[in-house]
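Colleague: One structure coming up, written as structure tokens, with questions to follow.
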Amino acid sequence: MSSLPGLTSPGDGTPCHRFADWETVRPGIVAGITAVSDAGGAGSESDFGLATGGTAWDVTHRYEGLARATGMRSAVVARQVHGTRILEVNSSPDGGVFVVGEADGLMTSVPGVLLAITAADCVPAFVADVGGRCVALLHAGWKGVSAGILELALEGLGRRCGADAGDLAVYLGPAICGGCYEVGGEVLRAFGREGGRPSGLDLRSELAVRAIEAGVPADQVMRSEWCTRCGPVHLHSHRRQGSEAGRMAAFLGLVTVGAARRGVSSIREELR
């Protein structure tokens, strides 16, 4: 399993960390997570949460800026519920921000659409076909991970894009580390462990093992070493800030290369 260095570059306009090394798995991929100022919290300019970020106008304005900063035409974000539902974006909106139904995963094969999920400790999991046919972005908390949201995404990309697991690359973005994420018996039992004393859980390690077991080559499974709670970069963390925590927006998309603009977006459920 490869580990990416923490160094990233900010985007123009909306401050964001771009995962430049992982983007090279397929030229034309845009991937990253929004940056957080030291004073950032719920309702701040760096809060992309649909429920925490402030007025609908404020949050929409932030997503529009993120789409512009990454060179995309539009952004799509779902209302997250810690489940395994994955929505597929089938066509490219001409512009704006589209908030879709309840889901914790998005996938697309259409250039110009910026998929976005929000996080403040949970793992943003990025999946890309190295042939450039499709991408998926997941909000992976303990409930989604234990219920198999990553495996469902891998299967979904295979059916929709003809990508075998060996054709896929996975990046596990900034999230709370195992040392900071102490969980109780209910969570431990969901991962097949003894549910006695509270213990640390490393969700990125769990996801990495699951990706490799599903057939993704180990050298195509990469992870950030950034912890949302203990650093080294200041990010939103629910464990650290509680109700004062905002949400980062993790983002992933395929850059438009000579593609014609299409009409109204078509978004439908891919998997439960």
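Colleague: Along the Cα→Cβ direction, 7 angstrom out, place labels at Arg26 and Glu155. What is the inter-label distance in nm?
Modeller: Taking the two extended label points, one gets 2.1 nm.
Colleague: Tell me, Kirkwood radius of the chain from alpha-carbon pair distances, in Å?
Modeller: Evaluated on the chain, it is 18.2 Å.
Colleague: Given Cβ point charges of +1 (Lys, Arg) and -1 (Asp, Glu) and nothing else, what value in debye, to the nearest 20, does the dipole of the stretch 10-259 about its Cα centre take?
Modeller: Here the size comes out at about 200 debye.
Colleague: Quick check: pseudo-label points 7 Å beyond the Cα along Cα→Cβ at Glu186 and Asp58, how many nm apart are they?
Modeller: 3.1 nm
Colleague: How long is the gain from Asp219 to Val99 if the chain were fully straight, where each residue apart is worth 0.36 nm and the alpha carbon distance is subtracted?
Modeller: 39.8 nm
Colleague: Ranked by Cβ crowding within 10 angstrom, fewest neighbours first, how are Leu138, Leu115 ordered?
Modeller: With the fewest neighbours first, Leu138, Leu115 line up as Leu115, Leu138.
Colleague: Based on the mean of other beta carbon atoms within 10 Å per residue, what is the order of 211-219, 169-177, 28-36, 246-254, most packed first?
Modeller: 246-254, 169-177, 28-36, 211-219
Just so you know, all these numbers are worked out from the coordinates, no wet-lab data involved. Owing to the predicted nature of the structure, the values given are computational and were not obtained by experimental measurement. Ideal geometry is used to build each Cβ from the backbone, glycine not excepted, and the neighbour counts take in all protein chains shown.
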